[in-house]
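Visitor: Encoded as structure tokens, here's the structure I'll be asking about.
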Amino acid sequence: MLKIKNLSVGTANKTILKKINLYIKKGEFHVIMGRNGTGKSTLSNFIAGKEGYIKKSGNVMFNNMVLDDLLPEERALNGIFLSFQYPVAIPGVNSMHFLRIATNSMRKAQSKEELDPASFIKIFKEKLKLVGLDESFSKRSVNDGFSGGEKKRFEILQMLLLNPKLAILDETDSGLDIDALKIIANGIKNFQSKNNSFILITHYYRILKYLNPDYVHVLLNGEIVKSGDKKLALKLEKEGYSWLDKK
Ligand code: ADP
Ligand code: MG
């Protein structure tokens, strides 16, 4: 699904990601961990197509398409979804309308019939319940006045509705209490299938208790310095990252 080869990315005056190699097959669940400021969000943003990053080397293929050739919106329509580390509020944009239009754009791209408002509301309410948000959220503006935990639930709600092939979840578990964490983990698990892939960025082992990642990678100073399985995440939580620093 995603083939990242020798990828270096930066801004005009610095390199942030260095020679990243990451292959993600359909159905696989990958976790990326690493200190603050090591380039985890840069990698997510770059894949999603956020402007401001310059590719210095390498190439990225998504479902046999050259990623560079696709605009951010084309990436989304082809099934790349990014749950933002810091979701932005859009006052005045109703969350249910926003998600209906987004969902229908996705359906149109997949040659599926668009959902009329009544059918959408039904699905929307089901998914709201799944992420533990009450129906009043259908009347509110996108992320406007949402608490940290509500924003993260709303990100998962978007994922459930947009039905992406590759979901990148950038610290979706940060700042959540245990109940919210379980709901988010369940939302992910519910959606997980042999047809979609995940990149979950996290600082904590605790969400992985509920999930079964295939691989855990450590990003340090823009490089993937180690890959392993769930046990690696546990070791990192116990021992930190210093044992991985170059001597
Ligand atoms: P992480 O998500 O691992 O905490 P980031 O990818 O957000 O790290 O940031 C990695 C480094 O790159 C930081 O030093 C950050 O300031 C820098 N960086 C990220 N995005 C930009 C940008 N658009 N312009 C300049 N520097 C950036
Ligand atoms: Mg980040």
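The values are calculated or read from the model by the stated rules, or taken from the named source; none is laboratory data. Nothing here was measured: the structure is a model prediction, and the numbers come from that model. When we count neighbours, we look across all protein chains shown, and the Cβ atoms used for this are built from the backbone with ideal geometry, even at glycine. To get the accessible areas, we keep the full protein, side chains included, count just its heavy atoms, and leave off ligands, DNA and RNA. Shrake-Rupley method; radii C 1.70, N 1.55, O 1.52, S 1.80 Å.
Visitor: Suppose we filter Ser193, Ser197, Ser174 for residues that are among the polar types (S, T, N, Q), at negative phi, open to solvent by 10 Å² or more (accessible area, probe 1.4 Å) and away from ligand 2 (no atom under 16 Å from the Cβ); which single one remains? So that I can check it myself, show each step before the final result.
Guide: Details: Ser197 fails: open to solvent by 10 Å² or more (accessible area, probe 1.4 Å); Ser174 fails: away from ligand 2 (no atom under 16 Å from the Cβ).
Just a single option satisfies the conditions, and that option is Ser193.
Visitor: Which of (1) within 24 Å of Arg35 (Cα to Cα); (2) not in a loop (DSSP other than H, G, I, E, B) is the odd one out, the single condition Asn212 does not satisfy?
Guide: (2)
Visitor: If you don't mind, there's one more thing I want to ask. Output the qualifying pairs, or none if there are none: Cβ atoms under 8 angstrom, residues six or more apart or on different chains, first residue in the stretch 2-15 and farther than 25 Å from Lys26 by Cα and touching a residue at least 12 places away in the same chain (Cβ under 8 Å), second residue open to solvent by less than 10 Å² (accessible area, probe 1.4 Å) and not aromatic (Phe, Trp, Tyr).
Guide: From residues that are farther than 25 Å from Lys26 by Cα and touching a residue at least 12 places away in the same chain (Cβ under 8 Å), the pairs are Gly10/Leu17; Thr15/Val9; Thr15/Gly222.
Visitor: Answer yes or no as to whether Val88 is part of a loop (DSSP other than H, G, I, E, B), exposed (fewer than 15 other Cβ atoms within 10 Å of the Cβ) and of a type outside the set (Lys, Arg).
Guide: Working: part of a loop (DSSP other than H, G, I, E, B): yes; exposed (fewer than 15 other Cβ atoms within 10 Å of the Cβ): yes; of a type outside the set (Lys, Arg): yes.
Yes; evaluated as a whole, the condition is true for this residue.
Visitor: Among the residues of the stretch 1-34 satisfying the criterion of being under 18 Å from the mean Cα position of the chain (by Cα) and among the basic types (Lys, Arg), which is farthest from Asn221 (Cα to Cα)?
Guide: Only one residue tops the list, namely Lys26.
Visitor: Something else now. If you scan the stretch 122-159, which residues turn out to be within 12 Å of the chain's Cα centre (by Cα) and open to solvent by 10 Å² or more (accessible area, probe 1.4 Å)?
Guide: Once the filter is applied, which keeps residues that are within 12 Å of the chain's Cα centre (by Cα) and open to solvent by 10 Å² or more (accessible area, probe 1.4 Å), the stretch 122-159 yields Lys152, Gln158.
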